Amino acid sequence: MAIRLKRSIYRSLRGELVIYSIISMMLAVVTEFTLGIIVAKIARSFGTKRIKYGKDMNISPDKTYPPKEFIPNYHGIRHWNKDTLMAVMFIILLLGFLLFIFYFLLLTRRITKDMSYISSYISNIASGDMEIQITGINREDEIGEVVTQVNRMHSEIERLMKSEREALQANKEMITCVAHDLRTPLTSIIGYLQLATDVEKYPVEERQKYASIAMRKADRMQGLIEELFSYTKLMSGEITLHRSSIDIVKLVEQMTEEFYPLFMENNLEYTLEQNVYSLILDVDGELIARAVSNLISNAVKYGKDGKAVYIELEKYDSELQIRVTNFGLIIPEDSVEHIFDRFYRVESSRSSQTGGTGLGLNIAQEIAVLHGGKITVRSGINGTCFTIALPIDNCSDGNDVEKD
């Protein structure tokens, strides 16, 4: 539904109302004066009507009835008493006032109509009907400004409602994901612990094996829970950066070494290439480590078929790029633009082995943004590469040595 307002040539509503008042007053005076002339002429026509001479009437044919003095002239008005003058003046003023109101309402009917449209529009918004909009706004006065602000309010309400719907949908997806991703390892933990505690049926070595598997499943559950906590803190703004001077190159090297057992477990070769030996940045080391860890973990999960993971550090004039490349399945183009959305996972990659909360990449993105950087992805026949770009404007001078 669209409400269209007519064009107005006025830039000020007050000025328009003043002009309408003046015009209404002038029209009232002209109308009253015209009516006075018409009434006077009608009265004179009746007063000058000749009466035919009658044999039995003692009236001269040259006489008029009633006489011309029936219409009051200046000399007649002079003989009016005070009450008569007051009555005549009251009638004239009352008639002029009524004519003024009539013309003013007639001239301002468009303003009233426009305000009624706006009032109806706001009532529809209050009742929950968000499909309407005011279009064809051609007013440049205060009413036009009101319409502009109301339309802006409408857009903002629509945005908030859309955001609220997305948040509700995200919460539903989160509950579904958490229920699925926690139930699977929890079921395995319970099963393996039952086997590990069955001392009569299984020997010590086998029970230790089951306990070790249960421990790995528990570690996975702990990682999922920590990821959810991290996401909640990031989204609520509870996380603040605790910056300190960190050698970002050493940090990435350390994170790579920590993933060595996971690389071996998944039969993945890995390489770490860099064009700088050391670079001191003022960052939150814990959060940067979390972002890099999420990218490497993602590469391990989805790059098993590629048999290799490349980790690169490259320093440019204004930024440091940390790139993690895997050679698993190519991410479809329609998924690339959503890959950093919370709870989003490429459908074909959803399995009991790779399934997570779908928050790892979103958390990495938020951490990069908190540091004034960004994260990007490209996927093709040359692999899927995630890149964290961090500004190095605040890096310490003389503490970085580039390779030849």
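The values are calculated or read from the model by the stated rules, or taken from the named source; none is laboratory data. These figures come from a predicted structure and were not determined experimentally. FYI the Cβ positions are ideal-geometry reconstructions off the backbone, even for glycines, and counts take in every protein chain you see. Side chains included, ligands, DNA and RNA excluded: accessible areas come from the protein's heavy atoms. Shrake-Rupley method; radii C 1.70, N 1.55, O 1.52, S 1.80 Å.
Things worth noting here:
- Top-ranked residue in region 313-330 [being closer than 25 Å to G223 by Cα and surrounded by fewer than 19 Cβ atoms within 10 Å (Cβ to Cβ); ranked as farthest from the chain's Cα centre (by Cα)]: L329
- For beta carbons closer than 7 Å, sequence separation of 6+ or different chains, a first residue in region 214-230 that is touching a residue at least 60 places away in the same chain (Cβ under 8 Å) and closer than 18 Å to K301 by Cβ and a second that is open to solvent by 30 Å² or more (accessible area, probe 1.4 Å) and aliphatic (A, V, I, L, M), the qualifying pairs are L224/L182; L228/V178.
- Residue count for region 345-376 satisfying the condition of being closer than 30 Å to R183 by Cβ, modelled with pLDDT of 70 or more and either open to solvent by less than 40 Å² (accessible area, probe 1.4 Å) or touching a helix residue (DSSP H, G or I) at 6+ places or on another chain (Cβ under 6 Å) (or both): 8.
- Taking (1) over 17 Å from R290 (Cβ atoms); (2) modelled with pLDDT of 85 or more; (3) part of a helix (DSSP H, G or I) in turn, E253 satisfies each apart from (1).
- Qualifying residue in region 236-250 (condition: among the small types (G, A, S), open to solvent by less than 30 Å² (accessible area, probe 1.4 Å) and farther than 21 Å from N362 by Cβ): no
- Candidates R50, R139, R110, filtered to the one that is assigned to a loop (DSSP other than H, G, I, E, B) and modelled with pLDDT of 65 or more: R139
- The set of residues in region 183-205 that are open to solvent by less than 70 Å² (accessible area, probe 1.4 Å) and without any contact (Cβ under 8 Å) to a residue 12 or more places away in the chain comprises G191, D198, Y202, P203.
- The one condition in (1) on the phi > 0 side of the Ramachandran plot; (2) assigned to a strand (DSSP E or B) that N267 fails to fulfil: (2)
- Within region 293-305, residues that are touching a residue at least 60 places away in the same chain (Cβ under 8 Å) and of a type outside the set (D, E, K, R) reach partners that are part of a helix (DSSP H, G or I) and open to solvent by 10 Å² or more (accessible area, probe 1.4 Å) with beta carbons closer than 6 Å, at six or more positions or on different chains, in the pairs N294/G360; N298/G360; Y302/S349.
- Among the residues here, R7 qualifies as under 60 Å from the mean Cα position of the chain (by Cα) and modelled with pLDDT under 70.
Here is a yes/no grid of residues against (1) within 28 Å of F229 (Cβ to Cβ); (2) outside any loop (DSSP other than H, G, I, E, B); (3) open to solvent by 60 Å² or more (accessible area, probe 1.4 Å); (4) modelled with pLDDT under 90:
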residue: T271; (1), (2), (3), (4): no, yes, no, no
residue: E286; (1), (2), (3), (4): yes, yes, yes, yes
residue: N294; (1), (2), (3), (4): yes, yes, no, yes
residue: V300; (1), (2), (3), (4): yes, yes, no, yes
residue: D305; (1), (2), (3), (4): no, yes, yes, yes
residue: Y310; (1), (2), (3), (4): no, yes, yes, no
